[in-house]
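Down below is the structure, laid out as structure tokens.
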Amino acid sequence: MGKKIFVGNLSFDTTSAELESLFSEVGQCESASVITDRATGRSRGFGFVEMSSVAEAQQAINTLNGRELQGRALNVSEAKERSSGGADRPRGGFSGRRNY
């Protein structure tokens, strides 16, 4: 099973293919995707890469964190699991309370 890596501070021009090519220099890159805004389709400036092993993921983090890509220093770290947000927390700014 592979290991997911977070890649931040990407140029808005960076493509998923370019990200995959960069990480393939370090080890076997299973997948790479630049996250885009749903409404505009524009890059949000970060993405995720999955390496084939934990060791390769750690090597990629050590090698590529701080490395420049398209004029920007990359922030490369282990991806954190996304929190569910919890049922007790309202979404979208509406708390269910009315202010009369």
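So which of Ser53, Ser77, Ser31 is among the hydroxyl-bearing types (Ser, Thr, Tyr), closer than 16 Å to Gly2 by Cα and loosely packed, with under 14 Cβ neighbours inside 10 Å? Testing whether each residue is among the hydroxyl-bearing types (Ser, Thr, Tyr), closer than 16 Å to Gly2 by Cα and loosely packed, with under 14 Cβ neighbours inside 10 Å leaves just Ser77. Inside the stretch 46-73, residues that are touching a Lys or Arg at 6+ places or on another chain (Cβ under 9 Å) and closer than 14 Å to Thr15 by Cα make up a count of 2.
Please go through the stretch 1-19 and give me each residue that is aliphatic (A, V, I, L, M), in a loop (DSSP other than H, G, I, E, B) and surrounded by 15 or more Cβ atoms within 10 Å (Cβ to Cβ), ordered by number. Please lay out each step first, then the result.
Initial filter on the stretch 1-19 (aliphatic (A, V, I, L, M)): 1, 5, 7, 10, 17, 19.
Going one step further and asking which of them are in a loop (DSSP other than H, G, I, E, B), we end up with 1, 10.
Selection gives Leu10 alone.
Every condition in (1) in contact with a strand residue (DSSP E or B) (Cβ under 8 Å, 6 or more places away or on another chain); (2) free of Cβ contacts under 8 Å to residues at least 40 places away in the same chain; (3) not in a strand (DSSP E or B); (4) not hydroxyl-bearing (Ser, Thr, Tyr) holds for Arg44 except the one numbered (3).
Out of the residues in the stretch 1-34 that are of a type in the set (A, V, I, L, M, F, W, C) and more than 15 Å from Val76 (Cα to Cα), state the one that is farthest from the chain's Cα centre (by Cα). Spell out how you get there, then give the answer.
Residues of the stretch 1-34 of a type in the set (A, V, I, L, M, F, W, C): 1, 5-7, 10, 12, 17, 19, 22-23, 26, 29, 32, 34.
Checking the rest, the ones that are also more than 15 Å from Val76 (Cα to Cα) come to 1, 12, 17.
Working: Met1: 18, Phe12: 13, Ala17: 14 Å.
Filtering first and then ranking leaves Met1.
Since every read-out is calculated from the coordinates, none of them should be taken as a lab result. Everything numeric in this text was worked out from a predicted model, so none of it was measured. Backbone-built Cβ (ideal geometry, glycine too); neighbour counts: all protein chains shown.
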